[in-house]
Amino acid sequence: MSEATANAGPDSALERFLDDTKDARLESFKALLRIASISGIPAHAADCRIAAEFVAADLRGVGMEHVEVSETGGHPVVYADWLHAAGAPMVLVYCHYDVQPVDPLDVWESPPFVPVVKDGQMLARGASDCKCHVSMHLRAIEALMRTRGALPVNLKFVIEGEEESSSIHLDAWLEANKDRLKADFAVISDTGFFEGNLPAITVGLRGLVYFQLDVTGSTIDLHSGGYGGAVDNPINALCAIVAALKGPDGRIRVPGFYDDVVELTARDRAALARLPFDEEEYRKSLGVPALHGEPGYTALERIGARPTLDVCGIWGGFEGEGPKTIIPAHAHAKISCRLVANQDPEKIFGLVARYIEEVAPKSVRYSIQRLGDGKPSLTPIDGPATQAAARALMATFGAEPLFIREGGSVPVCASFESILGLSTLLLGFAPPDGRFHAPNEWMSMANYEMGIRAISRFWDEVAAVEAF
C-alpha cells in the first residue's frame, strides 16, 4: 500500500453523493426489510423469491453485471459480478437475504416487517442479520460507480437465501459454480462489532457437531414398583452417559477430543486480554452465580478459542402433573460440540460416538442421530485482507478495530475454504446487542451509514495491496 493511499482523506465526491442520496438509501433499505423472507418456513418460499428478485434488480441498478437469480433446489442464490478493474484483485462477497422467524409476535414494539427508525435504530426482522449488509454493500458500489464510473477492484457477489435454515443447498451450488467463483479471497458480511459497539473484525469462528442421543430399555413404560431393581432406567442410563462425557471442571473426557486443537499463542492471548471485557459484569448480565468452564482459560478464551460439549435438551418419562410411578421406555438428549481450528467435525463425531459406545451401560440400547455440523474458521490477523479492513475501519470510525473470536458458527466460511480454496475475511457492522433472531431486532443507523463508507474505503485499500 502506498503512503498516499494510507493517508488519503475522505472521498469528497463520494461523501457528497452519499449525503444527497440519504433519503433514497433509507427507503431502499426499508423496502428490502418489508419482504418476509423467512427461509425456514415453507409458506414464505414466495417471499424468499421476491427478496432474491429485489436484490437482483438492485444489483443491476448499481451497475453490477451478469446478474442471475440462480436455482438451487431450494431458495435461490443471487449471483452478480463486475470484472473490469484490470490487474486489480478479485474478491468474492457473501451476504444472505433470508431471515429468522418472528415469534413471539406479541412482544414486538412494531410489526416485524414494517421497518421503523426510532432513536437512531432501524427496527425490523433482518435489520441487523443480515439485510443491512446486503444494502450496505450495494450502496457502497452505487456510490463508487456514480462518482468514479468504475470500481477499484473486481467483485463477485453470492447472496444466499438459506443461511437461516442451514444452507442446505449452498455447498452443492458452490461445487457446481467453482469456475466462475474463482477469486483472491472472500469477504463474508454476517458479523458485527464488539461489546460497547466498538469497531471489530472477527478472526475466529467455532465449528459445530450436533447430534441426538436416544436411549431405550423396554418397549413400553414399566411399573416402577413391579420392575424397579430388575431393569435399568433409560433416564438414569442417559444421565450416566452424559456425565461421563465431561468432567465437573468443564474438561471434555472423550479421548483424543483435544488432539487437533490449535493452542492459543502468547500473541493470541494478549490480543484477547486487551479487549474491553469485564468478566464480573458479564456474569452479572447473565444472572448466573458464577462463570464456569475449562480451567486455565479466561471466559473470552473459552468462548472463542476452546471447544465445548453441551447438552442442549434432555427429555423422557412422565412430565405431567402429579405422580406416575414408571420406569420409562426411552430417554433422549440433544448434544452440541463447538469446535475450533483445526478440529474436523467428522473426526470429532467419530471420537464421541466411540466413547459413548464404551461408557453406555449394556443394560440399555442406544442410537445416535447426527443432526448437523460445520467446520471452524480462523483468519490470520496479519493477513493482507485483514489489515486492509483494519485500515478502512480506522480511517472511517477513527478507532483501531478490535480482533475478536466469536463462539458461534458461520458454516459458509468453511465451505469457501474447502470447496473454493478461498481464505475468508469476516467484515460486519451489526451492533453486538442487535437482538439477532429475537423480537425487536434492530440495526444502528450510525453503523449502517459509517459502514457504507468503510466498505467503499476498504475496496480502495484492497486495490492498493500488491499481492494476496
Restricted to segment 161-189, and to residues that are in contact with a Phe, Trp or Tyr (Cβ under 8 Å, 6 or more places away or on another chain) and under 16 Å from Phe458 (Cβ atoms), which residue is surrounded by the fewest Cβ atoms within 10 Å (Cβ to Cβ)? Asp184
Only unsatisfied item for Pro432, checking (1) within 20 Å of Glu164 (Cα to Cα); (2) buried (at least 19 other Cβ atoms within 10 Å of the Cβ), is (2)
Taking the condition outside any helix (DSSP H, G or I) and closer than 26 Å to Ala243 by Cα, does Gly350 pass? no
From the option list Val117, Val153, single residue qualifying as more than 24 Å from the chain's Cα centre (by Cα) and within 23 Å of Phe416 (Cβ to Cβ) is Val153
Within the group Ala140, Ala172, Ala127, which residue is closer than 26 Å to Leu402 by Cα, of a type outside the set (Lys, Arg) and assigned to a helix (DSSP H, G or I)? Ala140
Could you tell me whether segment 440-457 includes any residue that is modelled with pLDDT of 95 or more, of a type in the set (Val, Ile, Thr) and touching a helix residue (DSSP H, G or I) at 6+ places or on another chain (Cβ under 8 Å)? yes
For segment 411-425, the count of residues that are free of Cβ contacts under 8 Å to residues at least 12 places away in the same chain and in a strand (DSSP E or B) equals 0
Please work out if Cys95 is under 21 Å from Ala438 (Cα atoms), in contact (Cβ under 8 Å) with a residue 40 or more places away in the chain, touching a His at 6+ places or on another chain (Cβ under 6 Å) and assigned by TED's automatic domain parsing to the domain that holds Pro152. yes
What number of residues within segment 256-272 satisfy the criterion of being hydrophobic (A, V, I, L, M, F, W, C), part of a loop (DSSP other than H, G, I, E, B) and surrounded by fewer than 17 Cβ atoms within 10 Å (Cβ to Cβ)? 2
Look through Leu92, Leu14 and report the one residue that is more than 24 Å from the chain's Cα centre (by Cα), under 18 Å from Glu461 (Cβ atoms) and modelled with pLDDT of 95 or more. Leu14
Determine which member of the set Ala299, Ala243 is surrounded by 14 or more Cβ atoms within 10 Å (Cβ to Cβ) and free of Cβ contacts under 8 Å to residues at least 24 places away in the same chain. Ala299
Looking only at segment 372-390, which residues are over 20 Å from Arg269 (Cβ atoms) and surrounded by 22 or more Cβ atoms within 10 Å (Cβ to Cβ)? Gly374, Lys375, Ala385, Ala388, Ala389
What about Gly451, is it over 29 Å from Ala13 (Cβ atoms) and buried (at least 17 other Cβ atoms within 10 Å of the Cβ)? no
Within segment 415-447, the residues that are aromatic (Phe, Trp, Tyr) and over 21 Å from Val203 (Cα atoms) are Trp442
Within segment 47-61, the residues that are of a type in the set (D, E, K, R) and either more than 23 Å from the chain's Cα centre (by Cα) or crowded, with 19+ Cβ neighbours inside 10 Å (or both) are Asp47, Glu53, Asp58, Arg60
Suppose the filter is part of a helix (DSSP H, G or I) and more than 19 Å from Ala186 (Cβ to Cβ); does Arg453 pass it? yes
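Residue-wise test of (1) buried (at least 19 other Cβ atoms within 10 Å of the Cβ); (2) among the charged types (D, E, K, R).
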position: Leu198; (1), (2): no, no
position: Ile201; (1), (2): yes, no
position: Leu205; (1), (2): yes, no
position: Asp214; (1), (2): no, yes
position: Ile220; (1), (2): no, no
position: Asp232; (1), (2): no, yes
When you scan segment 114-123, how many residues do you find that are crowded, with 18+ Cβ neighbours inside 10 Å and in a loop (DSSP other than H, G, I, E, B)? 1
Residues being on the phi < 0 side of the Ramachandran plot and either basic (Lys, Arg) or outside any helix (DSSP H, G or I) (or both) - total across segment 205-255: 33
Taking the options Gly398, Gly428, Gly408, Gly434, name whichever one is in the same structural domain as Glu195 (by TED's automatic domain parsing) and without any contact (Cβ under 8 Å) to a residue 24 or more places away in the chain. Gly398
Residue within segment 359-378 that is in contact with a helix residue (DSSP H, G or I) (Cβ under 8 Å, 6 or more places away or on another chain), under 29 Å from Thr202 (Cβ atoms) and assigned to a loop (DSSP other than H, G, I, E, B) present: yes
Restricting to segment 115-165, give me the number of residues that are within 23 Å of Gly74 (Cα to Cα) and of a type in the set (Val, Ile, Thr). 3
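The values are calculated or read from the model by the stated rules, or taken from the named source; none is laboratory data. Quick caveat: nothing in here was measured; it's all calculated off a predicted structure. All Cβ positions, even for glycine, are placed from backbone atoms using ideal geometry, and neighbour counts span all protein chains on display.
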